[in-house]
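Engineer: Quick one: the structure is below, and I'll ask about it shortly.
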Amino acid sequence: MKSLRVGLIVLLTAVVVFGLLGPWLPVGSATAPAGRPFAPPGPGHPFGTDFLGRDMLARLADGGRMMLLQAIGATVAGSVVGISVGTLTGLSTTPVTRVMLRVVDGLSALPPLLVLLVLATGTPGNEVVVAVAIAAVSIPFSVRAVHAATRDVVRQPYVAIARARGDGPLRIVRYDVLPNILEVVGAEAGIRFIAAAQFAATAGFLGLGASAPAANWGRLVRENLPGLDLNPAALLVPAALLVALAVAVTAFVDRFAAGPATLARVVPR
Amino acid sequence: MSWLRFVAGRLAVGALTLVTLSLSVFWATEGLPGDVVGVLSGTDATAAERVRLRESLGLDRPAAQRYLDWVSGAARGDLGESLVTGRSVGDVLAERVTNSLGLVAIAITVIAVIAVTVGTLSGMRAGTRLDRFVSTGVGGLIALPDFLVAALLLTVFASVLRLVPGVSLVPVGDTPWQHPQVLVLPVVSLVIGGLGAATRLLRASIIPVAAGPYVEQARLNGARGIGLALRHVLPNAAGPAVQALAVMTAGLVGGSIVVETLFTFPGVGHELSQAVASRDVTMVQGLALALGAVTLVVLLAGDLAARALDPTTRRSVPR
C-alpha cells in the first residue's frame, strides 16, 4: 500500500512537472522539422517524429503547460465560486439562495462540450476562452457538492450554538463550516481537476484554442492518428501522459480524501 | 393535482432553461468581440466590403432585434442558412439527426443493460471485494476522456487488428444503417465513455434500497439472488435508476460530438464541429440550440419517469 502511494505521488508529480516545465526543457524546437514525417523512435528522437517530421519529445514538452494551466485555473475559479455560493446557499434558505440554486441547476443541464464549442466559435483561437468555458461548466458541480456538505454541517448542534451566540454568517463559515467540509472540498476539486484536464485536452483534440503549431497533448493524439502504422509512439505517448494524469489524480482523490460515495451523488461526470 | 403541478413546474423550468440557452448561444457567438464579418471577409477586405457584407447579413441591426428574429424563426422551425454552404440549417439537421439519435440509442441500450446488471450486483454487495473491484474499474473508466477511448479503439481494432473500418465511410445517399460495420467503433466508444458514470450512478441508487427495511424483510422471508433483485430491489430503485440513465444520456450528447468527429460519422455532432472549425456561426447556433433542446427534453423525461416510477408517489396519487 505504501509503495503504491509513493508510486502514485511520483507519477503525478512527474507528469505535472514535465507538463509545466516542458517548454523550458532543452529538447530542441517544437516547430522546426527534424527528420522525415512519422519516423519511428531512434537516436536523437526517443519518441520518433510527428506528421510534419518534428521531434515528438519537443512537441510533448511544449504541449502540456497551457493545458495544465487551463485545468488548474478553471479548478481554482470553480472552487472559489463553489465555496462562496455553496456555503452561502447551504447556510440559509431564502428566496434569493433558492433562485441561485435553480440557476446553478439550469446551468448544469447544458452539455459541457456544447458550451465549449459555442464559446470557441464566438472567440476563435483563444486559450483563455477555453479555460473560461471549462470553469463555467464545472461551477455547478462545485456549488452542489459544497452546498450538500454545508447542509450536513449546518444541522450539527455546534452551529446552532454559534448562531445562538450571535455569530454572523461569515464567522460561522470560517470557524464551523469550512474546517468540516475541507475534505469534501478537496476531493471535489480533485475530481473537477481531472474533468478540467480532460476538457482542455478534448478542446485541443477538436482544434479549439490557439491555432497550429500550438498543440496540447489532446491535439497531438489527433494530429498523429494518421501515422499510426509508421510511428505509433507519436500517438501512444501523449495518450499515455493523459491517462497517467487522470489515473494518478483519481487514485489520489479516492485514497486520500473524502469517501467517493458522498461525491457520486453530486458529481455524476 | 400534485402531478399536474409537478409537470407544470418542470416544464416551466425547462422552458426557462431553453430561453437562457438560446440567449447564451446567441450572445456567445454574436455578441462577443470576435466579429462574424471580420472572420468571413478575411484580412484583405476593404472597409466598404465589410460594410456591405455586414448589411447583407443583416448585422447592422441591433442585437436584440436579431436575437428576436432568430428565436422566432427557430420556434417556427426556421434556423436560417449556413454562412458557408448556404444550405438551410433545418435541412442539415433533419438529414443528420436520425443518424445521431440512432447511434446514441444503440449505445444507451447497451449501457443500460450492462450498467443495471453490474450496478445491481455491486450495489447489493456494497463493500465486498467485487464491489471494490467494480468501483475501481468504474473510476478508471470515468477518468478516461472520450476522445482517448475512441482513438485507442481505433488503434487496436482498425489499425492493428484490421477488424472494422476506422472511418465511417458511407456512400452518398446511403444511411449508416445499410453499413452496420461502420457503427461498431462509434457505438463501442460511446458505450465505454458513458458506462463508468452510468454504473456509478446505478450503484449509488441501488445501495440505499438494498439496505432498506423492506429488502431486509424480503431477505428474512427467504428471497435471495435474482428473485430478490428483480422483485424487491430493482422496482424500488427504478426511479433514481431511470433518472441516472437520463443524466447519462444527456452526457452522451457531448460524447457523440467527439466520437462522430473522430470517425467522421455523418451525424449532428460531426456537422457541429465542422461548423465550429469553419466559423459557420448560423450553423453552430442552430445545431447547438437543437442539441441543447434535446438534452433538456431527455432530462425532463428522466425527471417525469423517475417520479412516475417512485412507489411512494405512485401510491399517493389515487387519493
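Engineer: More than 40 angstrom separation, counting every C-alpha pair in the protein assembly as shown; what % is that? It would help to have the intermediate numbers written out before the result.
Structural biologist: Details: 50623 of 172578 pairs.
Of the Cα pairs, 29 percent sit more than 40 Å apart.
Engineer: Please arrange B:133, B:26 by how many other C-beta atoms lie within 10 Å of their C-beta, fewest to most. Don't skip to the answer; put the middle values down first.
Structural biologist: Numbers: B:133 11, B:26 23.
In order of increasing Cβ crowding within 10 Å: B:133, B:26.
Engineer: Rounded to the nearest 0.05, what FRET efficiency do residue A:51 and residue B:211 have when you use their Cβ-Cβ distance and R0 = 60 Å? Present the calculation step by step, with values, prior to reporting the outcome.
Structural biologist: On the way: r = 54 Å, r/R0 = 0.91.
My answer for the efficiency is 0.65.
Engineer: I'd like the FRET efficiency for residue B:130 and residue B:231, computed as 1/(1 + (r/R0)^6) with the beta carbon distance as r and R0 of 22 Å, rounded to 0.05.
Structural biologist: Working: r = 22 Å, r/R0 = 0.99.
My answer for the efficiency is 0.50.
Engineer: Oh, and also: For the stretch A:84-194, what ratio Rg/Rh do Cα atoms give with a Kirkwood hydrodynamic radius?
Structural biologist: Working: Rg = 16.6 Å, Rh = 15.4 Å.
Rg divided by Rh gives 1.08.
Engineer: Separate question: For residue B:268, what is the net charge nearby, where nearby means another residue's Cβ is under 12 Å from its Cβ and Lys, Arg count +1, Asp, Glu -1? Numbers along the way, then the final one.
Structural biologist: Values: positive: B:96; negative: B:95, B:260, B:271.
My count for the surroundings of residue B:268 gives -2.
Engineer: Oh, and also: What is the angle, in °, between the Cα long axis of helix A:178-205 and the longest principal axis of the Cα atoms in chain A? Nearest 10 is fine, range 0 to 90.
Structural biologist: Here the helix axis deviates by roughly 30 degrees.
Engineer: Test of understanding: ordering B:280, A:229, B:44 by Cβ neighbours within 10 Å, fewest first, what list do you get? Walk me through the numbers before you get to the answer.
Structural biologist: Details: B:280 25, A:229 10, B:44 6.
Lowest count first: B:44, A:229, B:280.
Engineer: Take B:61, A:165, B:10, A:222 and order them by how many other Cβ atoms sit within 10 Å, fewest up front. Numbers along the way, then the final one.
Structural biologist: Details: B:61 12, A:165 9, B:10 16, A:222 20.
Ranked by crowding around the Cβ, least crowded first: A:165, B:61, B:10, A:222.
Engineer: At 0.36 nm per residue, and after removing the present C-alpha to C-alpha distance, how many nm does the segment from residue A:151 to residue A:175 gain when stretched out fully?
Structural biologist: Details: separation 24, 0.36 × 24 = 8.64 nm, distance 1.53 nm.
Roughly 7.1 nm would be gained on extension.
Engineer: To continue, here is another question. Any idea how far apart residue B:49 and residue B:88 come out in nm if each label point goes 7 Å out from Cα toward Cβ?
Structural biologist: If labels sit at residue B:49 and residue B:88, their model points lie 3.1 nm apart.
Engineer: Roughly how many nanometres apart are two label points built 7 Å out from the Cα toward the Cβ at residue B:156 and residue A:6?
Structural biologist: Spacing of the two 7 Å Cα→Cβ label points: 3.2 nm.
Engineer: OK, next. Any idea what angle helix A:127-154 forms with the longest principal axis of chain A, computed on alpha-carbon atoms, 0 to 90 degrees, nearest 10?
Structural biologist: 30
Read-outs throughout are calculated quantities, based only on the coordinates presented, and are distinct from any laboratory measurement. All of these numbers come straight from a predicted model, not from anything done at the bench. Backbone-built Cβ (ideal geometry, glycine too); neighbour counts: all protein chains shown.
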